[in-house]
1. For peptide A:181-193, what's the mean number of Cβ atoms from other chains within 10 Å of each residue's Cβ?
2. Over all directions, average the projected area of the Cα convex hull of the protein assembly as shown and note it in nm².
3. Springs between alpha-carbon pairs under 10 angstrom, Gaussian network model over chain B: which of B:266, B:331, B:205 fluctuates most?
4. If we count other beta carbons within 10 Å of each Cβ, what is the order of B:36, A:388, A:345, A:271, fewest first?
5. Taking R0 as 45 Å, what FRET efficiency do you get between residue B:89 and residue A:330 from their Cβ-Cβ distance, rounded to the nearest 0.05?
6. Looking only at other chains, what is the average number of their beta-carbon atoms within 10 angstrom of each beta-carbon in B:167-179?
7. If we sort A:137-145, B:281-289 on the protection proxy, mean other Cβ atoms within 10 Å, highest first, what's the order?
8. Please rank A:77, B:11, A:242, fewest neighbouring Cβ atoms within 10 Å first, as an exposure proxy.
């Protein structure tokens, strides 16, 4: 039998009614002849409750105990889902991470999957079991302790199972009905994409389109797992949702396929630094050591041996960045006149694999923004993406103008 | 290092504050030099919530999935307790049943413990760990599935660990401060016992003194585990609570040590049955098959080849008993004129190992009740117990009169 992986997130299994609804979807796929592996999250809110208790008990907690506690929510859902399927006369059983076993390294709280031996579950499929319900987000370390994969780990679990079982597809059921050309709350003309390439999805995921965990998309790309995102709250069909797949599986694509926007950005400028070899390392070394995720970087033209350095980072890392740079200065490793911080910025990006073969996208983007009177503060580009940092108040305007200009409302 | 087992029930770990309070008690024992095994229940209410979800999902549930779901509450408490101890600088870690492993048979929902290999935990004690926090109530079956031990299973877990680790004592922390001569809500003069013999505790436990699970007391008696019941809500001392121990460890004992009372009784009388060999089997066979726990039995004096048979059973099994006897009659396996049911009864019992060597206890009990004008409906005796079935409205009166007559308020 071909294997299908179906993953249901927290809102899709938030209560017994929703679990029943999800089970019906599983039933539809079983009826088509699939052996189904269902990956479940904890009921929505449960994991946060457990995380809260751990934090309150022990601010600097032992991650091994954190994992033992927070993994319990998924176990509850897995058992309830198996029972619900059995009530529908579908042979099903639950599996906790250690029972599969889903083997991880020992990086508690953010463990990496090392191996998923398919033998145990395949043996049960061979005996007539139709659905293996697996508690997502968890595994077992070489020491026999429970590990968790970090936030969004259930998506990663699902993709890893799809790879290990050579599944036909991995369907991620969530509370949105697919991946959009942009955030529909910002731009009414946003259109659901039928297909999107892994690379594009990766750029969109890391740029703030919160549909899928970046890590799960990376894994899907590496193992070429066809990934479908669809809503558990709408009627199912074979064309529902968005298929995330290899570039080769997409016949025709727009030059730009999506506009991503992120509010959570800050811009920092080190004013008057020496323009000499090693200066970049002396700035970004300490930032990296402090765990600051520096995103965009620009260096001004040098005048009389001094220059300015501007970079962006997530807004909640500003304090950490400030501290790291201050300490570097105090230690005599870095000199600058001033650290200018601008927390009133946002990042808007155009993404599309078509950019690889088509030029002029950047020029068009800059012109569109200029026509709207929006000043660009920082620019960064990759093979399939152009990002700009602009004033936050222009975010909606920029997204809408770019969506129009690149005609994203058209398929 | 000597090993001490400490068990905390649901109300003793109901929230983070109470877990901290329990952890402090553990700290006191660690400071005395013990290696401590802590057995924890789920936070109070959690298991009921999970059981409710399972029942709602699947009325005739798969007990394997039931176990996978309801065992999760203990895992949460175990992790939180380990973290709390770590915050107090006490080296601790949590263990789930399958990690120990606590091996059981495959009787899901009411599994029997088969083996607790002490090697894993002892190895950690050897490495400097001071406290092993074990999730109670759960184990692992030969098939590698999670099992639960049935209600009150955490007491049984604690005693089994004390036996497997040859612990000096097993302390059961609960919401009462010990075992009383009778229910203090019924009789104000009720006195806490410092010591009680296993056999007496067994009679009291099965007679309605809900302090400890019968099964855990049986296990403690078989392995001669010293069991102490004490409150987690009062200050600790070495003489706190009640020690349940072998008869030899009790220097001096009253003839009667406790008066137990149970409201949940019913009396059933089969009127006019044939007084012939095999008649008892034809009555109690079907009742046993139907899962009715028959307690006391009396057969009237036979007249003209017919007699009456009276028995008692828990009040919630009356319907089941009625059905079983009706079906036996319909199948021609049993004849009776009438089934008289009295649900307005209660059982009052006097318990004491001293009865073995001292006669006249029954006579005294009957006289006390007679002096109060209380009619005895059924009598049953064992070596260390005399039970009577009386009208329920006399329960308080009977308990108080017996408590006075046997001078139980005196140590």
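Any read-out appearing in this document is the output of simple, stated calculations on the displayed coordinates, not a laboratory observation. In this text, all values refer to a predicted model and were calculated from it rather than measured experimentally. Note that we place each Cβ from the backbone using ideal geometry, even for glycine, and neighbour counts take in every protein chain shown.
1. Details: counts 0, 0, 0, 0, 0, 0, 0, 0, 0, 0, 0, 0, 0.
The mean count of partner-chain Cβ atoms within 10 Å per residue comes to 0.
2. 44.7
3. Evaluated over chain B, the most mobile residue of the options is B:331.
4. Details: B:36 28, A:388 25, A:345 22, A:271 15.
Fewest-to-most ranking of B:36, A:388, A:345, A:271: A:271, A:345, A:388, B:36.
5. Numbers: r = 33 Å, r/R0 = 0.74.
According to the calculation, E is roughly 0.85.
6. Values: counts 0, 0, 0, 0, 0, 0, 0, 0, 0, 0, 0, 0, 0.
Average per residue, whole number: 0.
7. Details: A:137-145: 20.2, B:281-289: 16.1.
In decreasing order of mean packing, A:137-145, B:281-289 become A:137-145, B:281-289.
8. Details: A:77 30, B:11 17, A:242 23.
Fewest-to-most ranking of A:77, B:11, A:242: B:11, A:242, A:77.
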